[in-house]
Amino acid sequence: MDQAIANKKLDKRTELIVVSTMDAMVHWIGPVTEQHIDQAFDAGSNISELLEAMQTGPETSAHSMQDGVGALVHVVAVREKAGKPVPLHGAPLTEKDLIPSSSTNPPIFKWHVPMPRTFQAAKERWAPEMAAIDRRAAAEKAKLPKALSARIAELITSASDAIIRYPDPLLDHHMHEAINKGSNIQEILEVVMVVAESVQGASESNVQGRRVHSGVEILHHGLGALGRVIDERDKAGYKTPREYGEGFTVKTY
């Protein structure tokens, strides 16, 4: 934590994409979310990336989309009127940005959830027609080009799980996946620190603002999970980059 505070290296674009998405999740008042989205554009983001980020993570809902995408639409309109750039797309994602999820079937660690997930298995059993529609929709979506890197998607999910204090195995699972997709311990630490602070005050700003735990409690929960992840990986001999630049571009298992 001393290193993260004294020598923070989290790149501004990643930080603002994650923070803007968390703003939507906790329902910050519009101007706060709009400011962060505006800064994300200035840091090099684009409409497609921000739109995909707003749809990423387990806490995505119609309410968060209303707030987040509504703020995005407003910012785009203001920037266009001011003659500021609002690119629809960014540079094409590279192989490093598109590392697929690691296979966890059969499970490797205790934090690996059953595959398929319990809710998916229940739908297959009791609503097979709906499950078939879900599979077809997922297959069609998989054909579309991605705008958001796999690494940032996992950082978003890890951040949201730390904020809502979701227990293992899912919080741990997504931190493992963030590392497998090119992140590192220092980056995850910095993301948790940033969002622990950024979500504070949302409930006082907005009648629908989400009341969250204190920053210290979010840090305790998120960094506790990160500690478990480090221990698991070290004991199993899987690569666990501690610092920026130590990542990799292939799956580890």
| task | Scan (1) within 19 Å of residue 8 (Cβ to Cβ); (2) assigned to a loop (DSSP other than H, G, I, E, B); (3) without any contact (Cβ under 8 Å) to a residue 40 or more places away in the chain for the single condition residue 114 breaks and write down its number. | result | (1)
| field | Per-region count, segment 152-193, residues in contact (Cβ under 8 Å) with a residue 40 or more places away in the chain and in a helix (DSSP H, G or I) | value | 27
| request: Please work out if residue 125 is over 17 Å from the mean Cα position of the chain (by Cα) and of a type outside the set (A, V, I, L, M, F, W, C). | output: yes
| query | Can you name the residue in segment 133-182 that is among the basic types (Lys, Arg) and surrounded by 20 or more Cβ atoms within 10 Å (Cβ to Cβ) and is also nearest to residue 197 (Cα to Cα) among such residues? | reply | 151
| said: If residue 101 meets every condition in (1) more than 16 Å from the chain's Cα centre (by Cα); (2) under 30 Å from residue 235 (Cβ atoms); (3) hydroxyl-bearing (Ser, Thr, Tyr) apart from one, which number is that one? | reply: (1)
| said: Residue under question is residue 119, and the condition is that it be under 23 Å from the mean Cα position of the chain (by Cα), among the aromatic types (Phe, Trp, Tyr) and in a helix (DSSP H, G or I); does it hold? | reply: yes
| Selection count where residues are in a helix (DSSP H, G or I) and not aliphatic (A, V, I, L, M), scope segment 83-111 | 3
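Bear in mind these aren't lab numbers, they're just calculated from the coordinates by the rules spelled out. Just so you know, these numbers come straight off a predicted model, no measurement behind them. With ideal geometry, Cβ positions are generated from the backbone for all residues, glycine too; neighbour counts draw on all protein chains shown.
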